[in-house]
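Inspection log for the structure reproduced underneath, given as structure tokens.
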Amino acid sequence: MAAPSRLLIRGGRVVNDDFSEVADVLVEDGVVRALGRDLLPPRGPPSGLRVLDAAGKLVLPGGIDTHTHMQFPFMGSQSIDDFHQGTKAALAGGTTMILDFAVPQKGGSLIEAFETWRSWADPKVCCDYSLHVAVTWWSDQVKEEMKILVHDKGVNSFKMFMAYKDLYMVRDLEMYAAFSQCKEIGAIAQVHAENGDLIAEGAKKMLALGITGPEGHELCRPEAVEAEATLRAITIASAVNCPLYIVHVMSKSAAKVIADARRDGKVVYGEPIAASLSTDGTHYWSKEWHHAAHHVMSPPLRPDPSTPDFLMNLLANDDLTTTGTDHCTFNTCQKALGKDDFTKIPNGVNGVEDRMSVIWEKGVHSGKMDENRFVAVTSTNAAKIFNLYPRKGRIAVGSDADIVIWDPKATRFKKGGIRHFQIPRLQIVNHIVTISAKTHHQAVNFNIFEGMVCHGVPLVTISRGKVVYEAGVFSVTAGDGKFIPRKPFAEYIYKRIKQRDQTCTPTPVERAPYKGEVTTQKSRV
Ligand code: URP
Ligand code: ZN
Ligand code: ZN
Ligand code: ZN
């Protein structure tokens with residue numbers, strides 16, 4: 001039987017980034033058609049209308065994960081979650097759109113990389129997606145291709161790596177050129193902020209000391225290495241008045257640099273990830289090699305255990321702006337490529353399925369943020385920065401019906417015993433989820449959030465008007481997701497940039513020419 005083409009989400013609390021209200025949401029042809037009280041006709045639902053009861057639940061814009069790497073060929077392997085399983089897992093966690101990265105080799109075409117990633121993703125994706133493109137080298141060709149990607153291919157964000165020396169790393173002058181071009185064509189510059197030279201030297205030092213295990217990964221790239229690169233990127237972006245987005249903020253030091261820059265009026269945004277907001281780098285010292293290796297990512301999780309709380313506080317008060325996951329998963333046997341040398345462990349952790357519940361738990365359940373800020377940092381801010389708003393990131397008439405019915409209630413143990421039931425592959429005790437690799441939908445055989453109890457749970461996920469996940473059951477086919485093109489000059493970021501160009505461009509001082517003596521002495525060198 002065909003799924004009803006119309007949905008009425010009834011009686012829930014609709015939460016946007018600025019406002020919550022109890023309302024019904026009518027969905028037709030993939031978009032929100034009406035929003036208001038008592039939209040159900042008194043005589044009951046007409047045929048073809050499915051009613052979803054959301055009383056006592058929250059109705060949220062679907063999550064937007066700003067940072068994933070599905071089936072990424074990287075460090076001698078390929079990340080194990082592909083665009084099919086990775087996006088299914090996203091839906092199970094309440095995320096309805098991902099932004100992944102097309103990454104060309106040095107000397108390679110950006111457009112070819114973009115087309116390659118599209119050819120991998122289009123037939124497989126179960127949720128909507130878009131692509132950032134990496135700039136891993138610089139030339140006139142790269143400059144021209146960036147323009148074509150923006151004009152013809154729906155790209156408005158370019159990522160530069162300041163780390164991964166000899167692989168993807170670009171130098172300051174290349175960044176200056178790339179940032180200048182971003183500004184010219186109305187894109188946002190993104191950086192992986194770590195000093196690649198210091199990391200390379202630090203790694204040699206650790207190996208010479210006989211440190212070959214995962215702890216070496218953190219020891220050779222301490223916080224200052226991330227903070228220095230963050231400040232350098234902000235300084236370069238500010239010099240060309242280009243908006244800047246710092247991906248995967250992992251340390252207190254880097255977050256402080258971003259917060260200071262924002263207070264100085266810089267147009268800069270910081271993206272902590274589910275991992276940095278909820279766990280720490282003490283795992284690198286685990287006696288179990290595989291446990292430590294599964295936490296290896298760059299920049300690393302930080303040994304300072306106060307880091308997640310600190311980052312969450314900054315996220316709550318707008319010093320940091322969005323959240324991603326950097327979902328880039330490798331099974332234990334892939335991580336084992338670096339069993340004798342930490343520099344060979346493929347970098348990356350999981351999170352695409354876990355992000356929404358983890359941020360609810362550590363952000364809202366902990367009392368640091370309210371439901372509206374939760375929506376802002378998991379969906380709306382990303383939609384605004386990457387120019388998807390209000391099509392995505394909002395529940396409003398005309399917006400895509402990417403919607404999650406969310407159970408925010410902690411109803412742990414009821415009197416008279418524990419109601420403990422199993423729905424397919426998701427362990428729920430009266431709506432509390434305990435995250436586990438045994439039950440998650442991600443392909444990877446390890447979960448860095450293992451054992452975390454989460455009180456916020458997606459009950460139903462709706463993607464462009466279709467119920468794709470409900471009570472642990474998927475109704476989605478590979479290719480149901482769509483590539484979402486993005487236009488340049490997002491107002492949310494470019495209004496300030498343009499204003500500054502108009503009012504802050506330096507002008508020469510008008511003065512009479514100097515008519516005095518000019519020395520004739522020549523320098524000896
Ligand atoms: O360790 C990480 N972050 N892996 C993915 C590549 C990147 O740097 O984003
Ligand atoms: Zn990175
Ligand atoms: Zn551990
Ligand atoms: Zn990444």
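The values are calculated or read from the model by the stated rules, or taken from the named source; none is laboratory data. Bear in mind the structure is a predicted one, so any value in this text is a computation, not a measurement. Please note: Cβ atoms are built from the backbone with ideal geometry, for glycine as well, and neighbour counts cover all protein chains shown. SASA here: full protein model, heavy atoms, side chains in, ligands and nucleic acids out. Shrake-Rupley method; radii C 1.70, N 1.55, O 1.52, S 1.80 Å.
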Tally the residues that are in a helix (DSSP H, G or I) and surrounded by fewer than 24 Cβ atoms within 10 Å (Cβ to Cβ), restricting the search to region 351-374. 7
For Thr461, indicate whether it is over 30 Å from Val240 (Cα atoms), in contact with a Leu (Cβ under 6 Å, 6 or more places away or on another chain) and assigned to a loop (DSSP other than H, G, I, E, B). no
Residue pairs meeting the criteria (Cβ under 7 Å; at least 6 apart or on separate chains; first farther than 12 Å from His192 by Cβ, in region 215-229; second part of a helix (DSSP H, G or I) and of a type in the set (Phe, Trp, Tyr)): Glu215/Tyr284; Glu215/Trp285; Gly216/Phe342; His217/Tyr284; His217/Phe342; Glu218/Tyr284
Residues Pro408, Pro390: which one is open to solvent by 20 Å² or more (accessible area, probe 1.4 Å), modelled with pLDDT of 95 or more and within 22 Å of Asp18 (Cα to Cα)? Pro390
Could we say that Gly338 is away from ligand 4 (no atom under 16 Å from the Cβ), closer than 22 Å to Phe74 by Cβ and touching a residue at least 24 places away in the same chain (Cβ under 8 Å) here? yes
Assess whether Ser20 counts as being at pLDDT 95 or above and of a type in the set (S, T, N, Q). yes
Would you confirm whether or not region 439-456 contains a residue that is open to solvent by less than 40 Å² (accessible area, probe 1.4 Å), touching a residue at least 40 places away in the same chain (Cβ under 8 Å), out of contact with any Asp or Glu (no Cβ under 7 Å at 6 or more places or on another chain) and farther than 23 Å from Trp360 by Cα? no
Identify all residues within region 39-55 that are out of contact with any Gly (no Cβ under 6 Å at 6 or more places or on another chain), assigned to a loop (DSSP other than H, G, I, E, B) and open to solvent by 50 Å² or more (accessible area, probe 1.4 Å); write none if there are none. Leu39, Pro41, Pro42, Arg43, Pro45, Pro46, Ser47
If I filter region 472-482 down to residues being small (Gly, Ala, Ser) and out of contact with any Leu (no Cβ under 7 Å at 6 or more places or on another chain), which single residue comes out as nearest to Ser5 (Cα to Cα)? Ser475
What number of residues in region 151-193 are within 16 Å of ligand 2 (Cβ to nearest atom) and either closer than 15 Å to Leu244 by Cβ or modelled with pLDDT under 95 (or both)? 15
Looking at (1) crowded, with 24+ Cβ neighbours inside 10 Å; (2) in a loop (DSSP other than H, G, I, E, B); (3) polar (S, T, N, Q), which is the only condition Thr212 fails? (1)
Just one listed residue, out of Thr378, Thr323, Thr307, Thr279, is closer than 23 Å to Leu58 by Cβ and away from ligand 2 (no atom under 16 Å from the Cβ), and it is Thr378
Here is a list: Lys266, Lys256, Lys287. Which entry is modelled with pLDDT of 95 or more, away from ligand 1 (no atom under 14 Å from the Cβ), surrounded by fewer than 23 Cβ atoms within 10 Å (Cβ to Cβ) and assigned to a helix (DSSP H, G or I)? Lys256
Looking at Leu277 and the list (1) assigned to a loop (DSSP other than H, G, I, E, B); (2) crowded, with 24+ Cβ neighbours inside 10 Å; (3) within 16 Å of ligand 3 (Cβ to nearest atom), which single condition is not satisfied? (3)
Odd one out for Ala237 among (1) away from ligand 1 (no atom under 16 Å from the Cβ); (2) open to solvent by 10 Å² or more (accessible area, probe 1.4 Å); (3) touching a Pro at 6+ places or on another chain (Cβ under 8 Å): (2)
Do you know which of the residues in region 299-326 that are among the polar types (S, T, N, Q), buried (at least 20 other Cβ atoms within 10 Å of the Cβ) and in a loop (DSSP other than H, G, I, E, B) is farthest from ligand 3 (Cβ to nearest atom)? Thr321
Only one of these conditions is not met by Ala224: (1) in a helix (DSSP H, G or I); (2) in contact with a strand residue (DSSP E or B) (Cβ under 7 Å, 6 or more places away or on another chain). Which number is it? (2)
Within region 330-350, count every residue that is of a type in the set (Val, Ile, Thr), near ligand 1 (Cβ under 10 Å from one of its atoms) and either open to solvent by 10 Å² or more (accessible area, probe 1.4 Å) or in a loop (DSSP other than H, G, I, E, B) (or both). 1
